[in-house]
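Q: The structure that follows is given in the form of structure tokens.
Nothing in this text is a laboratory measurement; each read-out follows from the coordinates by a stated rule. It should be emphasised that the depicted structure is a prediction, and the values quoted were computed from it without experimental measurement. All Cβ positions, glycine included, derive from the backbone under ideal geometry; neighbour counts span all protein chains shown.
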Amino acid sequence: MTEIRLDEVCLDYPLYGAYDFSLKRRVLGRLVDEPSTARTLRAIDGVSLRARAGARIGLAGANGSGKSTLLRVIAGVYPPTSGHVGISGTIMPLLGLNAGVNLDFVANDNIDILLRIGGHVATRESIDEIWAFTELDERMRRLPLRMFSSGMLMRVLFATATAFPADILLLDEWLSVVDESFAAKAEKRLLALVETAAIVVVASHDQGLLKRVCNEIVYLDKGRIVGTARPQPRAGMATNPRAHP
């Protein structure tokens, strides 16, 4: 059964370079050997969350509220400092498409690497299909990504990240691309993935989007859950066939 389980999850960031600028240290710093004090920032604070097949969860809150960080904890990018994270099902994390990219490698090799990182078999056919989706010139496949514009790079990374369906779809903001024509194509693919995934968790400032896509909105502030809401279902919204395992 596809499921996300978070039990009292906390995540602390170490603060590097947070020095003590007290008068004592500045005057006597070279004479007094004081033990260093580890300093941390609590980014996620006691979050408990359950999501089963059919869940469409929106994460809302101001910048710095913990939305993106919580997605990365669910994806396994950040191990929690305390608490428990349990995931059942395959995850597609669209959290920052350049993760795992080597700009010095050619486009074809980066696609191959990203597919393998995602646990997929990189075949010639799958790479060809991904490249066709980008609508970029065939000759660019043999160029290093460093030579790509930001828009072209986004096309390659988006096409690769969304090439295969997953049980759990994690979205950090509603992804956009540079040119308008490809943005429409990208949104169509994302909407298809949202409809077929068992669980979707999306972080966004766009309340209208969250109300259209999600059946529960979780509000965060300073890494804590401070409220939830259940938007009314959209009229005519397609039923996810995987919502009832």
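Q: Could you derive backbone 3J(HN,Hα) for segment 70-76 from the dihedral phi with the Karplus parameters 6.51, -1.76 and 1.60 (θ = phi - 60°), listing whole Hz in sequence and x where the residue is Gly or Pro?
A: My calculation for segment 70-76 gives 5, 4, 5, 5, 4, 6, x Hz in order.
Q: OK, next. Go ahead and run the numbers for FRET between Arg39 and Thr81, Cβ-Cβ distance against an R0 of 22 Å, rounding to 0.05.
A: The value I calculate is 0.95.
Q: As I understand it, the dipole of segment 3-229 uses +1 on the Cβ of Lys and Arg and -1 on the Cβ of Asp and Glu, about the Cα centre. Which of Leu94, Ala229, Val156 lies farthest toward its positive end?
A: Ala229
Q: Let me ask something else. Measuring from label point to label point, each 7 Å out along Cα→Cβ, what is the Phe105 to Met1 span in nm?
A: 3.8
Q: Sticking with this one: How large is ³J(HN,Hα), in whole Hz, for each residue of segment 61-67 in order, when computed from phi with the Karplus curve 6.51 cos²θ - 1.76 cosθ + 1.60 and θ = phi - 60°, using x for Gly and Pro?
A: So the Karplus estimates, Gly and Pro as x, are x, 5, 4, x, 7, x, 4 Hz.
Q: While we're looking at this one, here's another question. At 7 Å along Cα-to-Cβ for each site, give me the label-to-label distance between His205 and Glu8 in nm.
A: Once both label points are built, they end up 3.5 nm from each other.
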